[in-house]
Amino acid sequence: MIPAIRSEFRKFFTTRLWWGMAVGIFLAGAAFAALFGFLLTSEAALEGTPGAPTGDATQIANSVYLGGLGVGYLLLLTIGVLQIGGEYRHKTITSTLLSTPKRLKAMLAKVVALLGIGVVYGLISLLGSVSVGAIILNLRGQDPFPSTAVLRALALSLLVLGLWALIGLGIGILIPNQVAALLIGIGVAWIVEPLLNFAMTFWEFGRENIVQYMPTSATNAVVNAVQSSPDEVRLEWWAAALVLAGYAALLSGFGIWRTTRADIS
């Protein structure tokens, strides 16, 4: 199992892709930390002006440090798709499964590697966001770490990125065409789901019983970010983590099951 995991890490970290994405996620974390640092500590936000994001000191700090999480999980979704989609596209899936004849072991190695990659990118993102965000919060007269819940949110963000990578893995298996998988996966996460969530806000049942179980809403609940509106219904962080893990387990699990039984050519 260890050689298979090492092989998966080598496939990713020996390409130019990884450091390009590393630079991108670092800059995104720093840029969004600066943006949210000023927006969430403005007079309108602190005074609870209608229409402004609302939250306590802990939620403000979480949102500042994890403002780039939206970009981060899209990048990890992309990596998850590429980790298997590239194998289909370049016809290396055959050699991968020949070198590791037990297909379940080969796919579990990808799962472990993607979780590790999620942690690596999460730490890079936090390096940029926390360093910039803490300075801005200090300059704006806010406590950079008002409670230990902030540290919990930072740690959980690493888990979130890993789970989104597994969601991407599942999408990449279920849609073998790499380009189609990327377009569908990113399109649903970035465009379709936010629009659907917005539409649900006009339907009481949907707002209270459906939106909170959507992947993006669960992600925001896990890290306890500021609320977009006072009427937002949100799961507890642990329940939201289970929901997100459920999406990852369902998609990647079904994809792995399919791979262990499908003909590979």
TODO: Scale the Cα Rg of segment 177-253 by the rule-of-thumb value 2.2 N^0.38 Å and send over the ratio, two decimals.
DONE: 1.15
Open item on the list: Are there DSSP H segments in the chain that both extend 24 Å or more along their axis (alpha-carbon positions) and score a mean Kyte-Doolittle hydropathy of at least -0.5? List them, or say none.
Closed with: 17-39, 69-89, 103-139, 148-174, 237-261
Task: Relative contact order for the chain, counting Cα pairs under 8 Å that sit 6 or more residues apart, in percent - done: 28
TODO: Would you check the accessible area of residue 252, probe 1.4 Å, heavy atoms only, in square angstrom rounded to 10?
DONE: 10
- [ ] Give me the compactness ratio for segment 1-135, meaning the Cα radius of gyration over 2.2 N^0.38 Å.
- [x] 1.35
Open item on the list: Helix-only estimate, please: 222 nm mean residue ellipticity of the chain, summing -39500 (n - 2.57) across DSSP H runs of length 4 or more and dividing by its residues, to the nearest 500.
Closed with: -24500 deg cm²/dmol
TODO: Calculate what fraction, in whole %, of the accessible area of the chain sits on carbon and sulfur atoms when a 1.4 Å probe is rolled over the protein chains.
DONE: 69
TODO: Normalising by the residue count of segment 146-265, find the relative contact order in percent from Cα pairs under 8 Å and 6+ residues apart.
DONE: 37
Task: Label corresponding to semi-axes √(5λ) of the Cα gyration tensor in Å when calculated from the structure given, among (i) 23, 21, 20; (ii) 35, 21, 14; (iii) 39, 30, 16 - done: (ii)
- [ ] Please calculate how many Å² of accessible area the chain carries per residue, with a 1.4 Å probe and no DNA, RNA or ligand atoms counted.
- [x] 48
Open item on the list: At 1.4 Å probe size, what's the solvent-accessible area of residue 27? Round to the nearest 10 Å².
Closed with: 100
Open item on the list: What figure, in Å² to the nearest 10, do you get for the accessible area of residue 13 with a 1.4 Å probe and non-protein molecules left out?
Closed with: 60
Task: Distance between modelled label sites at residue 23 and residue 2, nm, 7 Å Cα→Cβ extension - done: 3.5
Open item on the list: So for segment 1-149, averaging the separation of alpha carbon pairs under 8 Å that are six or more residues apart and normalising by length, what relative contact order in percent results?
Closed with: 43
Task: Which of 36, 233, 25, positive extreme of dipole for the chain (C-beta unit charges) - done: 25
TODO: Round to a whole angstrom and tell me the spacing of the C-alpha centers of segment 166-189 and segment 203-227.
DONE: 23
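The values are calculated or read from the model by the stated rules, or taken from the named source; none is laboratory data. Since this is a predicted model, take the numbers as computed values, not measurements. As a convention, Cβ positions derive from the backbone with ideal geometry for all residues, glycine included, and neighbour counts pool all protein chains shown. In case anyone asks, the SASA skips ligands and DNA or RNA and just uses the protein heavy atoms, side chains included. Shrake-Rupley method; radii C 1.70, N 1.55, O 1.52, S 1.80 Å.
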